[in-house]
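The values are calculated or read from the model by the stated rules, or taken from the named source; none is laboratory data. Everything numeric here is computed off the predicted structure, so don't read it as measured data. Counting neighbours? That spans all protein chains shown, and the Cβs are built from the backbone with ideal geometry, glycine included. For the accessible areas, the whole protein counts, side chains as well, though only heavy atoms, and no ligand, DNA or RNA atoms are used. Shrake-Rupley method; radii C 1.70, N 1.55, O 1.52, S 1.80 Å.
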Amino acid sequence: MRILIKEIINKENQEVELKGWVDARRDHGKLIFIDLRDRSGICQLVFLPKEKEIYELANKLRSEWVVKIIGVVGQRPKGMENPAIETGNLEIQVENLEIINQSETLPIGIDTDGYEIGEDVRMKYRYLDLRRKRLQKNLRNRVKVIKFIRDFLAEKDFIEIETPIINKSTPEGARDYLVPARLHSGKFYALPQSPQQFKQLLMVAGFEKYFQIVRCFRDEDTRGDRQPEFTQLDLEMSFTDQEEILNLTEELYLNLVRALYPDKKIKLTEEGRIPRMSYKEAMEKYNTDKPDIRSDRNNPDELAFLFIVDFPMFEWKEAEKRWDAVHHPFTMPKFVMPKTESVEEFWNLFKKDPASILAHQYDFVLNGYEIGGGSIRTHNPELLMAVFEAMGNKPEAIKEQFGHLLEAFKYGVPPHGGIAPGIDRLVMLLENEPNIREVIAFPKTGDGRDLMTGAPSEVSEAQLKELHIKITGEK
């Protein structure tokens, strides 16, 4: 029965069966040495000329061939140890060799970190690029990060619930990816920009503490280090406030770093807390709402978390000649008298000076990157309608697009709020990577293309006809 390479350290003088890839080959006189690689590590195989049939077969082996071997684990000769690998004191004298599959010469090298190779080539051969040690480490550590988050929240009595991937298209800030509904001619689903409405509906449903490691989709123009699809931790709580959510987030992320990245230095306040800064202060001091507050920005092992609070509720959209939500329309405005939260007070504030209204919104920043954002939500359906109208939406359009949510809010909706930190950027920063593509298994290019599969691609006329779609011309 096959064992992993790392397990041979407990198998000295025993016969073992291993399977993996030929990582390297060395010929020393009449001896053939092969480094065998599997997901757990590397070990040295030795082929002796006296085993003529096996030796001749081993002589054919080349890099990245897939093989199965049976052999006896023994100590390497004195002075031939390799302290750089876990099995460096051991080698296996091969008694049986089977070539499972051969490999052509790889179009890209995988024995380096890969930074020196053009990204377009790496993306085209991503299944080979992923064999390199650095990317294997990144993705394995990403799994550890997600597991830590799941375990932490489960201990806090949160329940993980999946929400729909195809649903109704509603205006939430970015452009939707649309999916034609074959059985309903002329109608479309949309992929979720986030589970925003569903997590609020789960609060109406009485779950009180929800989370999800969720895929989100946004059809945005090319904007630097972004992806058309990304992963975030989505979290929502009932009967909560901003202080509780930020404290929970702080506890989660400080514990995560200390457990999984103990060598990282975390910059905190004198009280040992993640610092907070108002949006106004951040803009005045740093001219950005995601400042990098590290003591030494050249030190990649320093982590400077920061909460930005007191965002403006609205921003002016000159092209559209209207006020729009800075975060999203479900965010609760801050009132002069917080206990009132009345529609009348909102309209008085809005008519007086929309730019002066603050929001119960907060962003989570790390080393100059926004890694999350959240808010306390508006749970009063009349106030939510007023916010939509203030943004230039007609009442009939609001009911058409958000009627399901407004209807649900008639039936005893609790006060609620949440936060949605991104997974990709967090792991990128923890792993000291230059962009999020280095911590995503199969990323897209900056303009949304998959160079490996050729997506997006044309489809057949038959498919278009079945969906009642006609291509009218090129852009």
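At a glance:
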item	result
Members of segment 296-338 found to be in contact with a Leu (Cβ under 9 Å, 6 or more places away or on another chain) and at positive phi, listed by number	D310
Selection within segment 363-382 - assigned to a helix (DSSP H, G or I) and in contact with a Leu (Cβ under 6 Å, 6 or more places away or on another chain)	P381
Residue check, D221 modelled with pLDDT under 95, open to solvent by 70 Å² or more (accessible area, probe 1.4 Å), of a type outside the set (A, V, I, L, M) and part of a loop (DSSP other than H, G, I, E, B)	yes
Yes/no for Q212 being modelled with pLDDT of 95 or more and open to solvent by less than 70 Å² (accessible area, probe 1.4 Å)	yes
Identity of the residue in segment 398-432, acidic (D, E) and in a helix (DSSP H, G or I), that ends up most open to solvent (accessible area, probe 1.4 Å)	E400
Selection from segment 27-37 of residues that are without any contact (Cβ under 8 Å) to a residue 12 or more places away in the chain and either open to solvent by 80 Å² or more (accessible area, probe 1.4 Å) or of a type in the set (A, V, I, L, M) (or both)	D27, H28
Meets criteria (closer than 16 Å to D35 by Cβ, in contact with a Leu (Cβ under 7 Å, 6 or more places away or on another chain) and without any contact (Cβ under 8 Å) to a residue 60 or more places away in the chain) for I69	yes
Yes/no for R294 being open to solvent by 30 Å² or more (accessible area, probe 1.4 Å), in a loop (DSSP other than H, G, I, E, B) and in contact with a strand residue (DSSP E or B) (Cβ under 6 Å, 6 or more places away or on another chain)	yes
Residue selected from segment 86-110 under the condition over 24 Å from K133 (Cβ atoms) and not aliphatic (A, V, I, L, M), by the criterion farthest from the chain's Cα centre (by Cα)	E95
Test set (1) open to solvent by 20 Å² or more (accessible area, probe 1.4 Å); (2) under 27 Å from P291 (Cα atoms); (3) touching a Pro at 6+ places or on another chain (Cβ under 9 Å) - R258 fails condition number	(3)
For D234: the one exception among (1) closer than 30 Å to A397 by Cα; (2) in contact (Cβ under 8 Å) with a residue 60 or more places away in the chain; (3) touching a Leu at 6+ places or on another chain (Cβ under 9 Å)	(3)
Any hit, segment 77-86, residues being in a loop (DSSP other than H, G, I, E, B), surrounded by 18 or more Cβ atoms within 10 Å (Cβ to Cβ) and out of contact with any Pro (no Cβ under 9 Å at 6 or more places or on another chain)	no
Residues that are open to solvent by less than 80 Å² (accessible area, probe 1.4 Å) and either touching a His at 6+ places or on another chain (Cβ under 6 Å) or of a type in the set (F, W, Y) (or both), drawn from segment 126-171	F148, F152, F158
Where a residue in segment 1-26 is surrounded by 12 or more Cβ atoms within 10 Å (Cβ to Cβ) and its partner, wherever it lies, is aromatic (F, W, Y), with Cβ under 6 Å and at least six apart	V22/W65
Within segment 306-331, tally of residues that are farther than 17 Å from Q242 by Cα and either assigned to a strand (DSSP E or B) or open to solvent by 70 Å² or more (accessible area, probe 1.4 Å) (or both)	12
